[in-house]
Structure formats: C-alpha cells, structure tokens
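Inspection log for the structure reproduced underneath, given as structure tokens.
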C-alpha cells in the first residue's frame with residue numbers, strides 16, 4: 001500500500017525514518033506560518049485568514065509531491081516571492097492585493113504552460129550564471145532590509161532617507177532573536193528559525209511587552225477574507241506585464257535550483273545528470289501556485305529546507321505526507337501564531353536573507369558584463385524596494401554590455417526577448 005501511494009521501498013526504507021524526516025523538514029520550514037502572514041498583512045490582507053491560506057497551500061503543494069510525484073519534497077509560499085508581492089507590487093506599485101493575487105495566478109498559468117511545453121528549464125539555462133546567482137542574493141538583501149525595518153534597527157530619516165533606530169524593546173528583542181538563531185545554526189540544531197521566533201516571543205511575554213494568547217488551541221480561522229478574492233481582469237493590464245514576468249523569473253530560478261539540489265541529495269539524479277521526475281516536480285510547483293493564489297497567498301514553491309529531511313533519510317512521498325499533515329495540525333494553534341509580534345519574525349527574515357546571499361561567491365566576475373549586471377541586480381532590489389526593478393536593470397545591462405563587448409554569440413535568443421520585456425517594464429515604470 002505505501003509503495004503504491006508514496007513510492008515507498010520497504011527493502012531500503014523504514015516508516016519510522018520517513019516520518020522522522022518529515023518532522024525534521026516541517027520544523028525547519030514551519031517559520032513560514034509566522035512570517036508569511038506578517039508580510040502579506042502589510043499588503044492589507046487579513047492576518048488570521050492568511051495563516052490558514054498559508055497552511056492550506058503548503059499542505060496542498062506538499063501532498064502533490066507525496067501522492068503524485070512521490071518524492072520527499074515539501075512546498076509552501078516562497079520567501080522573497082511574498083516580499084515581492086507585498087512590498088514591490090502592492091505597496092510599491094500602489095495596486096490592490098486582489099489585483100496582485102491575480103498577477104500571481106496569471107504567472108502560475110504561464111508556469112504550467114511552460115512546464116507542459118517542456119521549455120521551463122530551458123529558459124533558466126538561457127539566463128547567464130551571474131544573474132542566476134545574483135537574483136537570490138539580491139532578494140536576500142531585500143528581505144533582510146525589511147527585517148531590519150520590522151525590528152526598528154533601520155528607520156526613516158528626512159535628511160538621509162534611512163537611519164539607525166533607538167534601542168527600544170522591538171530592536172532589543174529582534175537582535176536577541178538574530179543572535180539566538182545564529183548560535184543555533186552554528187550548532188547545527190534543527191528548527192533554529194522556529195525556535196528563535198518562539199523564544200523571542202516568549203522573552204517578550206516575560207518582560208510584559210506582549211500579552212500571551214488567550215488560548216493555545218482553536219478552530220482554524222476562515223480563509224474566506226482572502227480566498228477566491230483575486231482580481232484576474234485587473235491584473236491583465238500592460239503596466240503589470242513586468243510584474244508577471246518577474247514572478248516567473250524569480251520562481252523559475254528558485255524552484256529549478258531547489259529541485260535539482262534536493263534531487264542530488266535524494267539520489268534522484270541519473271549518471272548523465274538528468275533528474276528523474278523533474279517534469280512532474282515542476283508541474284506540481286506550477287499547480288500549487290495556482291491553488292495558492294486561489295486560497296489567498298503568494299507564489300508557492302519547493303523549499304530547500306526539504307534537504308534537511310532528506311539528510312535524515314527521507315526518500316519517498318511518505319516524508320512529504322508527514323509534512324502536509326503537520327501543516328494541517330498547525331492551523332489549530334493559530335492563537336500562538338497570531339500572538340507573535342513583527343519584531344519576533346524579523347530575525348527570520350534576516351537569517352533567511354543570509355542563506356539566500358551565501359552563493360554570491362560563486363558569481364563569475366572575470367567578465368565586466370557579468371560583474372556589472374550582477375552588482376546592479378543585487379544592489380537595486382533593496383535600494384528601489386523592488387525585486388522586479390533589480391531584475392530589469394540586471395537583464396538589460398548584461399545584454400547591452402555583452403553585445404558591446406563583442407560576445408554576441410554568448411547571448412541566447414531568449415535573453416534578447418527578456419531584455420525587450422525588461423526595457424518595456426522600465427519604460428512603463430519610469431515613463
């Protein structure tokens with residue numbers, strides 16, 4: 001039965017090890033239940049409803065991995081993508097969150113079409129390595145910047161635009177959270193981010209800065225305030241084409257990179273380098289994004305934290321099924337999640353930003369176009385408060401500088417199309 005349902009191999013796998021792996025994966029990625037509602041509520045969405053939407057979309061996507069793909073991978077609303085949704089689209093572009101959710105849905109349709117046509121991975125391979133590595137690094141800086149704002153380390157200033165905040169309770173507790181998570185990570189303790197969030201909240205309660213929840217268990221909040229509220233027609237406007245393609249590019253790199261990395265860990269890579277079930281994995285990623293936009297959350301993607309469960313021995317869909325069940329169970333402790341203040345989740349943003357930034361050393365710097373485009377991509381995401389603007393400048397400068405450098409043959413035809421869309425996005429945004 002388990003073999004048919006989850007691809008479980010009793011000869012080489014054990015039920016206990018698969019369940020343990022699922023628990024490990026859940027502990028390392030469950031911080032999204034605290035962070036995603038905080039980010040999306042900044043866009044005007046109902047905080048409690050987003051908790052339920054986050055858990056439901058994570059459960060749905062992970063069940064696809066469990067029953068359909070039969071691999072030990074888990075899914076949830078993506079970090080960076082949720083920040084793009086809230087801060088770049090809704091706040092930055094000044095559109096409603098319903099319209100932004102329509103953008104997510106449309107990008108999900110494109111994901112699915114590209115997957116069915118078998119060209120999704122080909123697009124990723126057309127993007128130069130320098131930009132593929134610069135994008136997560138830039139997003140890492142962006143969400144770190146947001147985390148510092150939420151803990152009031154960085155505040156607005158009329159003269160210098162930003163300045164250091166005062167050492168009040170949000171900053172004190174936020175710095176404590178960062179230090180605690182960093183220590184736990186150094187000790188390689190599983191669930192360090194979740195522990196940091198809960199410990200920071202507990203310390204804040206002890207000092208009377210926040211009140212403890214009235215109850216610890218309750219029925220899950222209704223997702224209806226955010227579910228099925230997307231406005232697809234409003235999202236079909238020329239000015240949002242850049243946003244749609246930005247979601248596509250960010251999720252393309254995020255999902256493909258994560259899937260390939262985790263597939264190596266899980267032994268799903270053939271000798272010739274091909275990844276077994278990659279088409280189904282990408283299809284599940286796209287379908288989960290569509291479901292998430294309907295449920296009321298930003299783009300859903302595969303989590304690199306799945307590697308922690310794989311390291312514990314998870315090899316089948318039973319691991320993913322365990323994660324999905326735990327996400328459903330988590331909805332019943334919503335009062336605990338809702339009691340966590342923004343400055344307690346801020347350390348999670350900072351630490352996740354560090355993780356996303358770590359591959360910056362792999363960016364090839366021997367050619368000026370690669371270095372310049374990567375630098376602009378990374379620095380402009382936080383400075384313009386827009387992930388799409390960082391992508392726009394990075395793509396444009398790489399194509400222009402590479403062409404001028406006499407390396408026309410290095411420019412894949414897809415990159416000319418990307419550059420054209422980037423130019424249109426820049427024209428619409430600045431015009």
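Tabulated data
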| read-out | value |
| --- | --- |
| Test for residue 382: is it under 22 Å from the mean Cα position of the chain (by Cα) and surrounded by fewer than 22 Cβ atoms within 10 Å (Cβ to Cβ) | yes |
| Some residue of the range 324-331 being within 24 Å of residue 45 (Cβ to Cβ) and without any contact (Cβ under 8 Å) to a residue 40 or more places away in the chain | yes |
| Options 403, 344, 374, 329; residue that is surrounded by fewer than 15 Cβ atoms within 10 Å (Cβ to Cβ) and either in a helix (DSSP H, G or I) or under 22 Å from the mean Cα position of the chain (by Cα) (or both) | 329 |
| Matching residues in the range 411-422 - criterion: being buried (at least 16 other Cβ atoms within 10 Å of the Cβ) and part of a helix (DSSP H, G or I) | 415, 418, 419, 421, 422 |
| Elements of type helices (runs of 4 or more DSSP H) contained in the range 1-77, each with 3 or more residues being farther than 27 Å from residue 93 by Cα, in contact (Cβ under 8 Å) with a residue 12 or more places away in the chain and more than 20 Å from the chain's Cα centre (by Cα) | 2-6, 15-29 |
| Residue in the range 113-126 that is buried (at least 21 other Cβ atoms within 10 Å of the Cβ), over 18 Å from residue 254 (Cβ atoms) and in contact with a helix residue (DSSP H, G or I) (Cβ under 9 Å, 6 or more places away or on another chain) present | no |
| Odd one out for residue 385, checked against (1) closer than 30 Å to residue 175 by Cβ; (2) assigned to a helix (DSSP H, G or I); (3) touching a residue at least 40 places away in the same chain (Cβ under 8 Å) | (2) |
| Residue in the range 249-258 that is crowded, with 19+ Cβ neighbours inside 10 Å and within 20 Å of residue 7 (Cβ to Cβ) present | yes |
| Residue in the range 260-280 that is out of contact with any strand residue (DSSP E or B) (no Cβ under 6 Å at 6 or more places or on another chain), touching a residue at least 12 places away in the same chain (Cβ under 8 Å), within 22 Å of residue 54 (Cα to Cα) and part of a helix (DSSP H, G or I) present | no |
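Okay, residues lined up against (1) crowded, with 24+ Cβ neighbours inside 10 Å; (2) modelled with pLDDT under 95; (3) more than 28 Å from residue 146 (Cα to Cα); (4) out of contact with any helix residue (DSSP H, G or I) (no Cβ under 9 Å at 6 or more places or on another chain):
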residue: 60; (1), (2), (3), (4): no, no, yes, no
residue: 65; (1), (2), (3), (4): yes, no, yes, no
residue: 80; (1), (2), (3), (4): yes, yes, no, no
residue: 83; (1), (2), (3), (4): yes, yes, no, no
residue: 88; (1), (2), (3), (4): no, yes, no, no
residue: 91; (1), (2), (3), (4): no, yes, no, yes
residue: 94; (1), (2), (3), (4): no, yes, no, yes
residue: 98; (1), (2), (3), (4): no, no, no, no
residue: 102; (1), (2), (3), (4): yes, no, no, no
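The values are calculated or read from the model by the stated rules, or taken from the named source; none is laboratory data. Note that the structure is a prediction, hence the values are computed from the model and not measured. Every residue, glycine as well, gets a Cβ built from its backbone with ideal geometry; the counts of neighbours run over all protein chains shown.
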